[in-house]
Amino acid sequence: GVPIAPGARVGILGGGQLGRMTALAAARLGYRTVIFSPEPECPASQVSEMTITASYDDRRALDQFAEAADVVTLEFENLPADALEALAARVPVRPGAAVLRISQDRLAEKRFAQEHGVPTADFEPVDSAEDLAGAFERLGGPLIAKTRRFGYDGKGQVRVNAIAEASAAVEALAGAPAIAEAVVDFEREISVIVARGGDGALAVYDPVENRHENHILRTTLAPADLPPGMADDAREIGRRLAEALDLVGLLAIELFVARDGRLLFNEMAPRPHNSGHWTLDACPVSQFEMLVRAVCGLPLGSAERHSDAEMTNLLGDEAGDWPRLLTEPGACLHLYGKTEARPGRKMGHVTRLKPKAG
Ligand code: AMP
């Protein structure tokens, strides 16, 4: 198709730091941006030409947004499908509602992965304590029960160590539709980010290792230190799922490297991802610029890594360390413009570069 040329306005659904960094990348290529967010004064609106502050089901506000934007993308996937469909009737929305429907539902995304030959931990849908007890018998314990929708940073998850814990677990999830999955004995958690253009072109970043603390990403190591062939396997999973989704945009896939050597799909998100922040400083084209290029129909460019990198999130008051970080040689500091440093809140990140080892 005809590219959406620099000078056009990119609409971003969601106003957090992922939207902010996407807007900055868009601006660097000469685009204007408009943010749609229910939160006033959000990190993305600080760096964007326009913001529409409204709830995602406000039809008039969505119309205004569609009017202002030449193309719409998203930084947040828990959007109502109707909102996306209403927008898609007026402006290209990339990725589209069909991708969201799968990726916002843990059951749908795991089935999708399996249908495309990508293994996952064993799982079952669970809508009641009886279902969960049955899953425990069939899969064996321990299990992790997760709500199908709206989970993040370990929220909407509960570990089930014994069958007797089934009803408490379902209560802890407030009876929400859930899946129960076998606990994976993993050696590492990794992720891979792939971009796909409307013409089917693909660009894949190096798989990285992610280390969490209290269910929140703490550090990403780029590249992941993996056994021979596994990085290629992870990239291939990325390409396969992006193609199967007919994705236009970015797809981040989180995987477990099991102790028995298997690579297991955990979840995916069709947007920029915290585990891709290192690309801002260690790649010629960052994940954010890659997203802009993909949704605007530009050449994707190179996802190659020119340096090794270690990205650390600055959580809560850690961002107050900025004066020291600014003096640290080789530290690339990114702050998100958030005023309230609640404990665990992602306030910024720092990427430390090292010469590329291999
Ligand atoms: P998720 O929201 O699915 O990414 O899960 C959050 C974190 O919980 C993961 O990054 C893992 O550290 C852990 N986790 C989730 N599912 C499993 C599993 N099936 N086995 C072991 N650990 C898990």
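The values are calculated or read from the model by the stated rules, or taken from the named source; none is laboratory data. Note that this is a predicted model, so its numbers are computed, not measured. Here the Cβ is made from the backbone with ideal geometry for all residues, glycine too, and neighbour counts use every protein chain on show. Ligands, DNA and RNA are stripped out before the accessible areas are found, and what is left, the full protein with its side chains, is counted by its heavy atoms. Shrake-Rupley method; radii C 1.70, N 1.55, O 1.52, S 1.80 Å.
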**Fill in**
A chain fully extended from residue 5 to residue 161 at 0.36 nm per residue, minus the present Cα-Cα distance, gains in nm 50.7 nm
**Asked** What is the helix-to-structure angle for 129-139, meaning the angle in degrees between its Cα long axis and the longest Cα principal axis of the chain, kept from 0 to 90 and rounded to the nearest 10?
**Response** 80
**Fill in**
Here the gain from full extension of residue 176 to residue 39, 0.36 nm per residue of separation minus their alpha-carbon distance, amounts to 46.8 nm
**Prompt:** When all alpha-carbon pairs of the stretch 113-211 are counted, what percent fall beyond 15 Å?
**Reply:** 67
**Message:** At 1.4 Å probe size, with the rest of the protein present, what percent of the exposed accessible area of the chain is carbon and sulfur atoms?
**Reply:** 49
**Request:** Note down the net charge around residue 299, summing +1 for each Lys or Arg and -1 for each Asp or Glu among other residues with Cβ under 15 Å from its Cβ.
**Result:** -1
**Message:** Explain nothing, just compute: Karplus ³J(HN,Hα) = 6.51 cos²θ - 1.76 cosθ + 1.60, θ = phi - 60°, for every residue of the stretch 344-352 in order, whole Hz, x for Gly and Pro.
**Reply:** x, 6, 7, 9, x, 8, 10, 10, 9
**Relative contact order for the chain, counting Cα pairs under 8 Å that sit 6 or more residues apart, in percent** = 15
**Fill in**
Here FRET efficiency (C-beta to C-beta, residue 64 to residue 214, R₀ 35 Å, nearest 0.05) is 0.35
**Descending Cα extents along the principal axes, the stretch 250-358, whole Å** = 38, 38, 31
**Request:** Post the alpha-carbon centroid distance, the stretch 49-81 to the stretch 277-346, in whole angstrom.
**Result:** 25
**Fill in**
So for R0 = 25 Å, FRET eff. of residue 128-residue 98 from the Cβ-Cβ r, to 0.05, ends up at 0.30
**Accessible-area value, residue 322, 1.4 Å probe, nucleic acids and ligands omitted, Å²** = 130
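Indicate the gyration tensor shape class of the stretch 1-150 (rounded, prolate or oblate), computed on the Cα atoms with a ≥ b ≥ c the square roots of the eigenvalues: a/c under 1.5 is rounded; otherwise a/b larger than b/c is prolate and the rest oblate.
Note, shape of the stretch 1-150 comes out prolate.
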**Message:** List the residues, sorted by chain then number, that are 5 or more residues from residue 120 or on another chain and whose placed amide H is less than 5 Å from its amide H.
**Reply:** 265
**Message:** What do you get for the angle between helix 106-115 and the principal long axis of the chain? Use alpha-carbon atoms, 0 to 90 degrees, nearest ten.
**Reply:** 90
**Asked** Can you list residues whose amide H is under 5 Å from residue 187's amide H, if they're 5+ apart or on another chain and H is modeled 1.01 Å from N?
**Response** 257, 258, 259
**Message:** As a test of the definition: which semi-axes, in Å, follow for the chain when you take the square root of five times each eigenvalue of its alpha carbon gyration tensor? Largest first, please.
**Reply:** 31, 25, 21
**Request:** Determine the dipole magnitude for the stretch 247-358: charges of +1 sit on the beta-carbon of Lys and Arg, -1 on that of Asp and Glu, nothing else is charged, the reference point is the Cα centre, and the result goes in debye to the nearest 20.
**Result:** 100
**Complete:** Stretched fully, the stretch from residue 318 through residue 354 gains (0.36 nm per residue minus C-alpha distance, one decimal, in nm) 10.7 nm
